[in-house]
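Single-structure report; data block below.
Derivation of every value follows stated rules applied to the coordinates shown; laboratory data play no part. Small disclaimer: the values here were computed from a predicted structure and weren't measured. Reconstructed Cβ throughout: ideal geometry from the backbone, glycine too, with neighbour counts over all protein chains shown.
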Amino acid sequence: MSKPKFAMYWAASCGGCEIAVLNIHEKILDVDANFDVVFWPVAMDAKYKDVEAMEDGSILLTLFNGGIRNDENEHVAKLLRRKSQILVAFGSCANEGCIPGLANFSPIKEIVDTAFSTVSTDNPDNLRPMTSYDMPEGKLHIPTLYPVLKTLDQVVDVDYYMPGCPPESHQIAAVIDLVIQVLQGKAELPPKGSTIGAGNSTVCDECTRKRNEKTIKEFKRIQLIHPDPELCLLEQGIPCNGPATRSGCNSRCPTAGAQCIGCYGPAEGVVDYGARLVSAFGSAIGSDDPQEIDKILDGLVDPAGQFYRFNLAGSLLRAAKPAWNSGD
């Protein structure tokens, strides 16, 4: 019998998810032993036409990482949805938009101008990319940017969600083991729509730092102080996103002395990550005086990045008005 087919694709993201898969080390051999890898552009020579020629539903499992930033991303997302029995939103970019989603605060023209007209770019003729160009060999096409970046499930139906920037390698290995056990009839897949490869609680619940009653009088940047290595970072006025962030990373950042920045996305039951975090920070402020509270909150030097660094595109907000109005 032929092995079930596996695919992985990289849309609007940094490529870290691909590296995280390779970081499962010898476990990657289990993928090769149990799957026929038919489409993985980073790891093998593959063409869209090869996928288009496959029967619908012929790929058992596809890990799709990256958000939908342009028409090529959307085309491939819809193609792989049609060809795949199980489509997993793999990593923070596919789940929530992640860092590329922060561009949703700005209109397309401003984004392109920043890339092609600032001091880091040598562009004396002030050129801009074109979506098509006539060459002697024929017309060239490059992807057309959309006004805003979308999450994968805003474009196609998604079966499972695996968060993380990138997903932890031990979590990837656990999910691969589960799928292999399912193939062998030894286990069952969780209900459709489930989050896999992560916990059901918060980073705070995984964190081993000591916690007392939080009475924050000032928010501080961690690089400007010497925090207590054993005490909860938020209690020390360091804006740690652990109260709103899903567990599953083993609290790596707080354990290493850095605040959680939210890469595992909203905790179970959180409707809007930024709103939950505002509530968590507000409840930890040690004051009832509105003016003092405002002064304390002013210590958050980048509120948008603090509350929506990984989650803007997947939040209730999704984008700023200038981005929505830049469709032309």
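Annotations
- Overall Cα dimensions of the stretch 143-209, principal axis frame, Å, largest first: 44, 41, 20
- Normalised by the number of residues in the stretch 203-308, the average gap of Cα pairs under 8 Å and 6 or more apart makes the relative contact order 31 percent.
- Cross-link partners of K186 among lysines, defined as those whose alpha carbon lies under 21 angstrom from its own and excluding same-chain residues fewer than eight positions apart: K3, K5, K27.
- Distance in nm between pseudo-label sites at K192 and K139 (7 Å out along the Cβ direction from Cα): 3.8 nm
- Within a Gaussian network of the chain (alpha carbon springs, distance under 10 Å), most fluctuating of D30, D289, D177: D289
- Bridgeable lysines around K321 (alpha carbons under 19 Å apart, same-chain partners fewer than 8 residues away excluded): K109, K150.
- The distance separating the Cα centre of the stretch 161-197 from that of the stretch 56-130 comes to 24 Å.
- Between D50 and R128, the distance separating the two model label sites (each 7 Å from Cα on the Cα→Cβ line) works out to 3.7 nm.
- Among G101, G57, G262: highest mean-square fluctuation, GNM of the chain, C-alpha pairs under 10 Å: G57
- Under 12 Å, Cβ to Cβ, from S247 - net charge with Lys/Arg +1 and Asp/Glu -1: -2
- Loop-exposed trypsin sites (Lys or Arg not before Pro) per DSSP, neighbour cap 16 Cβ within 10 angstrom, longest uninterrupted part of the chain: 48-185
- Modelled label positions at D71 and D228, each set 7 Å beyond Cα in the direction of Cβ, lie 5.8 nm from each other.
- Mean shadow area of the stretch 203-308 over all directions, Cα convex hull, nm²: 6.3 nm²
- Reachable aspartates and glutamates, given that their alpha-carbon falls under 17 Å from the alpha-carbon of K192 and they are not under 8 places away in the same chain: D153, D157, D159, E268
- Of all DSSP beta bridges in the chain, antiparallel share, percent nearest 5: 30 percent
- Using only Cα coordinates, the Kirkwood hydrodynamic radius of the chain works out to 21.6 Å.
- Of A11, A43, A174, the one that fluctuates the most in a GNM where the chain has Cα springs shorter than 10 Å: A43
- Longest DSSP-loop-exposure-free segment, GluC sites (Glu not before Pro), the chain, at most 10 other Cβ within 10 Å: 231-328
- Relative contact order computed over the chain (Cα-Cα under 8 Å; 6+ residues apart), in percent: 19 percent
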